[in-house]
Amino acid sequence: MVTASVPSHQGMQAGTGTGVNFLPGPILLLGAPGVGKGTQAKALRAHWGIPQISTGDLLRDNVVRGTELGRAAKLVMDSGELVSDSIVNAMVANRLGEADVRQGYILDGFPRTLNQADWLDEQLATESALAGLEVHAEQFRAGSTLPVVAVAMQVPYTLLLRRITGRRTCPACKRIYNIYFQPPAYDLVCDIDGTPLTQRADDVEEVFAERLRAYEELTAPVVEHYRSLGRFAEVDGDQTVDRVTSDILATVQRLRG
Ligand code: AP5
Ligand code: MG
């Protein structure tokens, strides 16, 4: 089931949701831990050719590289709490400065607090204002200055725990598996490159409980924030991966239409 609230919008898209000229613009994937944000972000990235920006992946990358940020973030992530807004906002600001976001991008796991949402709204408003200036005319035609479209996925909480504890990831290509629902063809190695799959340190039941608590307290209000702004829709995440992808594609097309 898909429900969408569609505001009036003077969009800049130049084609259809599946056409080559479609500008997806900034897309937010919202939802609880394990709802399928990463899985869907990768499918949308493959479909539209726009980058996935996952704050969780960026943080884990810092952990693996042993940066100062990574060492500080690891303690927080392993406890299931949220990393500070200032650290995460700075990471996103850096990433949005890269050239590959011009046609749009998929934010996965950000914003996650009302402070982060306010920061993002301000960033995008500034970009749009700059885009109105003649010197930025080229950027104005690009998808990155379209207003945000937010898609929230929902899955019953009882299912989320199995998705979380069953998740395995390829450390090389980052493909996401699940030993219950999306198993690899051969025992615990990646179908693509044969790398042994790994389990995230925070994918255990006790930490999941804290992640869910943080979601309810700090991130659920973010969903309401975007619902109230319009260009927002909910998609049922308790369907096959392909079915959820189709629903999101149709939803974004409608919200941009
Ligand atoms: P993050 O990495 O963002 O974790 P999360 O939000 O808890 O979400 P997950 O990655 O666990 O789940 P997902 O929705 O991506 O699901 P997936 O597609 O993998 O954040 C981790 C930590 O980093 C946070 O706790 C926090 O400390 C920190 N952090 C990150 N961002 C932050 C921010 N903005 N501010 C502050 N701190 C931040 O799927 C899950 C499983 O389900 C997989 O096994 C998959 O195969 C399976 N699955 C997916 N879809 C389906 C389907 N349709 N049917 C059957 N199985 C499915
Ligand atoms: Mg994820």
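The values are calculated or read from the model by the stated rules, or taken from the named source; none is laboratory data. Since we're looking at a predicted model, the values are computed, not measured. We place every Cβ from the backbone using ideal geometry, glycine too, and count neighbours over all the protein chains shown. Note: areas computed on protein heavy atoms with side chains; ligands, DNA, RNA excluded. Shrake-Rupley method; radii C 1.70, N 1.55, O 1.52, S 1.80 Å.
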For region 217-240, pairs from a residue that is at pLDDT below 95 and of a type outside the set (A, V, I, L, M, F, W, C) to a residue that is surrounded by fewer than 21 Cβ atoms within 10 Å (Cβ to Cβ) and in a strand (DSSP E or B), with Cβ under 6 Å and 6 or more apart or across chains, are Gly230/Ser5
Flagged pairs (Cβ under 7 angstrom, 6 or more apart or on separate chains; first in region 188-214, among the aromatic types (Phe, Trp, Tyr); second open to solvent by 40 Å² or more (accessible area, probe 1.4 Å)) are Phe208/Leu161
Residues in region 78-110 that are part of a helix (DSSP H, G or I), among the hydrophobic types (A, V, I, L, M, F, W, C), touching a residue at least 24 places away in the same chain (Cβ under 8 Å) and more than 10 Å from ligand 1 (Cβ to nearest atom) total 3
For region 152-180, pairs from a residue that is touching a residue at least 40 places away in the same chain (Cβ under 8 Å) to a residue that is more than 8 Å from ligand 1 (Cβ to nearest atom) and acidic (Asp, Glu), with Cβ under 7 Å and 6 or more apart or across chains, are Ala152/Glu234; Gln154/Glu234; Gln154/Asp236; Leu161/Glu205; Thr165/Glu205
If you go through Leu75, Leu58, the only one that is of a type outside the set (Ser, Thr, Tyr), under 30 Å from Phe22 (Cα atoms) and either free of Cβ contacts under 8 Å to residues at least 60 places away in the same chain or surrounded by fewer than 16 Cβ atoms within 10 Å (Cβ to Cβ) (or both) is Leu58
Scanning region 138-158 for residues that are open to solvent by less than 40 Å² (accessible area, probe 1.4 Å) and outside any strand (DSSP E or B), the one modelled with the lowest pLDDT turns out to be Ala142
Exactly one of Gly34, Gly38, Gly11, Gly17 is out of contact with any Phe, Trp or Tyr (no Cβ under 7 Å at 6 or more places or on another chain), closer than 13 Å to Leu249 by Cβ and either at pLDDT 95 or above or outside any helix (DSSP H, G or I) (or both), and that residue is Gly17
Out of (1) open to solvent by less than 50 Å² (accessible area, probe 1.4 Å); (2) at pLDDT below 95; (3) under 29 Å from Ile164 (Cα atoms), the one Val101 does not meet is (3)
